[in-house]
Amino acid sequence: MSGFELQRLGMLMEPEPGNLQEIEGVLNPAAARGPDGELYLFPRLVARGNYSRIGIARVRFNKAGNPIGVDRLGIALEPEADYERRPDGGGGCEDPRITFVEPLQCYLMTYTAFSSQGPRIARAISQDLFHWERLGLSTFAPYDGIDSSDVDDKDACVFPVAIPNPSGEPELAVLHRPLFPGTRPEDIACSATARELDLDRESIWISYRPLSLESRRPGNLGEFSHHRLATPVSSWERLKIGCGTPPVLTRHGWLIVYHGVSDMNGPGSEVHRLCYSAGVMVLSKEHPQVIRYRSTKPVLTPELPQERRGTVANVVFPTGIDRRDDIGLPERYDVYYGMADYRIGVARFDVPDVLPQGGLADPPDTTM
């Protein structure tokens, strides 16, 4: 195989008729293999008023090993903590990612908690995927005089093992996307002229904190330090990039399927239609802050009617990934993604023998 090519396997999940918990969408799931070897999805379930819960569903497969449907099993998390609720009764537990973190010997869920303060990264842990204990909001050290507690943050996922920080010390590492003021795609799209690109503020970040014996206690994951990882480079990600699937270790390094946002109408248009596409990034195994490969073109773009029409049109949003050891194909990965913020689709790819040529994106220009 010559490159990273995603093959759609179909739509897997959509709102259940008559289910008020899903009336506004089923989307952006985490994916994790349980202790029983079964694959479980944790979709965002959206009730009226954009009130979001995180559900649990078991994936069903056909004889060929392809996912074909789910069995709904209930709710993993719903807004209960102050940082998940708004005074008007709204709130949200949104867009989870789940990783089994080997040094902690538990599943760690990162999700977006949506309160009146805006989106923030929250965490919960589990031994079995069915019983979750909240750990609260993630905290990050100040950066360049900016108090991170006042900055919106989303799209977080963690590495399954301790990762060398820039000094070479093994630590717990998280990928995330701070939303500094003025960096939302809707804001950038309204710019009629070329804009200066702020390398620090419009990027995927990789952040670390020490993973000492004391910090292995679930409630003591501490404060993270900041390091910029990747900034918008190509036209298909001009407005924003963000983490997608949790990192998985392949023969080429740590792989993530991430999302990029572009403006379908271009600068200066009165109406701005955004397009969310997916790309692939491979990070060095030894030094994950080093990018070995990055898509110059998207590997998945909205094409199907279910991807082009929904709560938010023209969106493919990868969040879950599953390595297919269960069918003897460790180089195959299934990617679970949101379709137009309303449904869930699944696609597969096989890790190529060598990294494609020309895939390492050039350093970003100062204007885009």
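The values are calculated or read from the model by the stated rules, or taken from the named source; none is laboratory data. Everything quoted here is computed from the prediction, not taken from an experiment. Glycine also receives a Cβ, built like all others from the backbone with ideal geometry; neighbour counts cover every protein chain displayed. Side chains are part of the model used for accessible areas, which takes the heavy atoms of the whole protein and leaves out ligands, DNA and RNA. Shrake-Rupley method; radii C 1.70, N 1.55, O 1.52, S 1.80 Å.
Within region 201-236, the set of residues being at pLDDT below 90, over 18 Å from VAL161 (Cβ atoms) and part of a strand (DSSP E or B) comprises GLU223, SER225, ARG228. Examine region 138-147 for a residue that is of a type in the set (Val, Ile, Thr), open to solvent by 10 Å² or more (accessible area, probe 1.4 Å) and over 19 Å from the mean Cα position of the chain (by Cα), and state whether such a residue exists. For region 138-147, residues of a type in the set (Val, Ile, Thr), open to solvent by 10 Å² or more (accessible area, probe 1.4 Å) and over 19 Å from the mean Cα position of the chain (by Cα): present. Pairs linking a residue in region 139-164 that is in contact (Cβ under 8 Å) with a residue 24 or more places away in the chain to a residue that is part of a loop (DSSP other than H, G, I, E, B) and acidic (Asp, Glu), with Cβ atoms under 6 Å and 6 or more positions apart or on different chains, are PRO160/GLU102; VAL161/GLU102. Look at region 97-117: where a residue is open to solvent by 20 Å² or more (accessible area, probe 1.4 Å) and a partner is of a type in the set (Lys, Arg), sitting 6+ places away or on another chain with Cβ atoms under 6 Å, you get LEU104/ARG216; SER116/ARG86. The numbered conditions (1) surrounded by fewer than 23 Cβ atoms within 10 Å (Cβ to Cβ); (2) of a type in the set (A, V, I, L, M, F, W, C); (3) over 30 Å from GLN105 (Cα atoms) are all true for PHE61 except (3).
So, in region 340-355, exactly how many residues are in a strand (DSSP E or B) and more than 14 Å from ALA30 (Cα to Cα)? Outline the logic, then answer.
In the first step, residues of region 340-355 are kept if they are in a strand (DSSP E or B); the result is 343-350.
Now drop any that are not more than 14 Å from ALA30 (Cα to Cα), which leaves 347-350.
Number of matching residues: 4.
Each residue in region 349-368 was checked for being at pLDDT 95 or above and in contact with a Lys or Arg (Cβ under 6 Å, 6 or more places away or on another chain), and 1 pass. Going through (1) open to solvent by 40 Å² or more (accessible area, probe 1.4 Å); (2) under 20 Å from the mean Cα position of the chain (by Cα) one by one, SER167 falls short only on (2). Scanning region 11-58 for residues that are open to solvent by 20 Å² or more (accessible area, probe 1.4 Å), touching a residue at least 24 places away in the same chain (Cβ under 8 Å), more than 22 Å from PRO302 (Cβ to Cβ) and assigned to a strand (DSSP E or B) returns ARG33, TYR51, ARG53.
Among the residues of region 6-37, those that are in contact with a strand residue (DSSP E or B) (Cβ under 6 Å, 6 or more places away or on another chain) and not aliphatic (A, V, I, L, M) comprise GLN7, ARG8, GLU14, PRO15, GLN21, GLU22, GLU24, GLY25, ASN28, PRO29, ARG33, GLY34.
Would you check if THR245 is touching a Ser or Thr at 6+ places or on another chain (Cβ under 6 Å) and assigned to a loop (DSSP other than H, G, I, E, B)? Please lay out each step first, then the result.
Working: touching a Ser or Thr at 6+ places or on another chain (Cβ under 6 Å): no; assigned to a loop (DSSP other than H, G, I, E, B): yes.
It is false that THR245 is touching a Ser or Thr at 6+ places or on another chain (Cβ under 6 Å) and assigned to a loop (DSSP other than H, G, I, E, B).
If you filter region 292-339 down to residues that are assigned to a loop (DSSP other than H, G, I, E, B) and touching a Leu at 6+ places or on another chain (Cβ under 9 Å), you find that the one that is most open to solvent (accessible area, probe 1.4 Å) is THR311.
Only one of the numbered conditions (1) closer than 26 Å to ARG251 by Cα; (2) at pLDDT 95 or above; (3) not in a strand (DSSP E or B) is violated by SER2, and that is (2).
Screening LEU255, LEU300, LEU304 for residues that are within 27 Å of VAL354 (Cα to Cα), in contact (Cβ under 8 Å) with a residue 40 or more places away in the chain and touching a Lys or Arg at 6+ places or on another chain (Cβ under 9 Å) leaves exactly one candidate, LEU300. For region 77-93, the set of residues classified as open to solvent by 10 Å² or more (accessible area, probe 1.4 Å) and either at positive phi or in a strand (DSSP E or B) (or both) consists of ARG85, GLY89, listed by residue number.
In this entry, PRO288 passes the filter for residues that are crowded, with 17+ Cβ neighbours inside 10 Å and not in a strand (DSSP E or B). Just one of the listed residues (PHE114, PHE130) is under 22 Å from the mean Cα position of the chain (by Cα), part of a loop (DSSP other than H, G, I, E, B) and within 21 Å of GLU22 (Cα to Cα), and it is PHE130. Among the residues of region 324-357, just one is without any contact (Cβ under 8 Å) to a residue 24 or more places away in the chain and at positive phi, namely GLY328.
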